[in-house]
Amino acid sequence: MTQTFTLGRAIRLTLLSLGALIFLAPYIFMISTAGKGQSEIFTSSLSLIPTQFFYLENFAKAFGRVSMGTLLWNGVVVCGLIFVFQVVIAIPCAYAMAKLKFGAARLLMALVMLGLLVPIHATSLPLYVAFDSAALLNSYTALVAPFSISVFAIFLFLQFFRAMPDDLIHAARLDGMSELGIVMRVIVPNAWPAITAFAIFSVVAHWNDLYWPLIVVSNQAYATPPLGLLFFRAAEAGDDYGALMAATLIITLPLVAAFLLAQKRFVEGITMTGLKG
């Protein structure tokens, strides 16, 4: 039995390692290309280790051709504002649907599920017309407002709050807490795993979003990181893929660092949202 268990574990580890390698291959190739010169990139032979290291030159080009600091700052501001608005709106909504009894609960749940099926592409044209009419294009408002309400966040927190014991809520009410006080002093402190898990989903989705910024932003001062890569290509980058990969590496590193720091909470939050009280 020991040999069978060891063989099965070895097979699982092999499959997991192979899957991880497949997913990491583009990132490994990006790191490799960021350190190569033009002549080496376009050779017929494939080598992950550069024969000559051009990391400093390529990163210098990445910072020099576009305002990389502005792109990263815009990404932080837009993702941060979107996340804050989403959490502030979603937590009370999810709490009401999970712990309060009212007649429209089933209808609201149906609307949440319906909202999960509507992509931003379906509403992009009327949203663009509305922001254009309000003279809000090329602004943080245009980048943040359409995503300030997240039905996915409501659904995620709803599943998490259902797993919370009702006795905890009843005890808080007996102590004289209002419903808002319960949300702020009982629900939120116990919901950090779910909040962290949603933060990863939200930040990754909106940091990498190119579709909506490409529609509402034409001024580089408000460009988000993915849109900045397009401006990077337009800034006489041409086929300088070494510098382009260096710029891409700079943009993706914050996401990788954030996920590694929040990995434990992320796994805990996803696991706990699958429980039912």
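The values are calculated or read from the model by the stated rules, or taken from the named source; none is laboratory data. The structure displayed is predicted, hence computed values, not measured ones. Cβ: placed from backbone, ideal geometry, glycine included. Neighbour counts: every protein chain shown.
Taking the range 114-150 as the range and being among the aliphatic types (A, V, I, L, M), surrounded by 11 or more Cβ atoms within 10 Å (Cβ to Cβ) and in a helix (DSSP H, G or I) as the test, the residues that pass are ILE120, LEU127, ALA130, ALA142, LEU143, VAL144, ALA145.
Answer yes or no: is there a residue in the range 86-105 that is within 18 Å of ASP209 (Cα to Cα) and surrounded by 13 or more Cβ atoms within 10 Å (Cβ to Cβ). Among the residues of the range 86-105, at least one is within 18 Å of ASP209 (Cα to Cα) and surrounded by 13 or more Cβ atoms within 10 Å (Cβ to Cβ), which makes the answer yes. With respect to LEU180, is the statement that it is surrounded by fewer than 18 Cβ atoms within 10 Å (Cβ to Cβ), modelled with pLDDT under 90, of a type outside the set (Phe, Trp, Tyr) and within 14 Å of ILE89 (Cα to Cα) true? So LEU180 passes the test.
In the range 152-243, counting only helices (runs of 4 or more DSSP H) that sit wholly within it, the ones holding 1 or more residues that are over 27 Å from the mean Cα position of the chain (by Cα), more than 20 Å from MET68 (Cα to Cα) and in contact (Cβ under 8 Å) with a residue 12 or more places away in the chain span 166-174, 179-182. Taking the listed residues LEU127, LEU116, the one that is at pLDDT 90 or above and within 30 Å of VAL216 (Cβ to Cβ) is LEU127, with no other qualifying.
Picking from residues in the range 46-67 that are closer than 15 Å to TYR241 by Cβ and in a helix (DSSP H, G or I), the one that is modelled with the lowest pLDDT is ARG65.
Touching a Phe, Trp or Tyr at 6+ places or on another chain (Cβ under 9 Å) and at pLDDT 90 or above: does that describe ILE154? It is false that ILE154 is touching a Phe, Trp or Tyr at 6+ places or on another chain (Cβ under 9 Å) and at pLDDT 90 or above. Screening ASP240 against (1) modelled with pLDDT of 75 or more; (2) farther than 30 Å from SER139 by Cα; (3) loosely packed, with under 14 Cβ neighbours inside 10 Å leaves a single unmet condition, (3). For the range 2-18, indicate whether the set of residues that are surrounded by fewer than 17 Cβ atoms within 10 Å (Cβ to Cβ) and under 21 Å from PHE231 (Cα atoms) is non-empty. No, that holds for no residue. Quick one: in the range 7-45, of everything that is touching a residue at least 40 places away in the same chain (Cβ under 8 Å) and assigned to a helix (DSSP H, G or I), which residue is farthest from the chain's Cα centre (by Cα)? Ranking the candidates gives GLN38 first.
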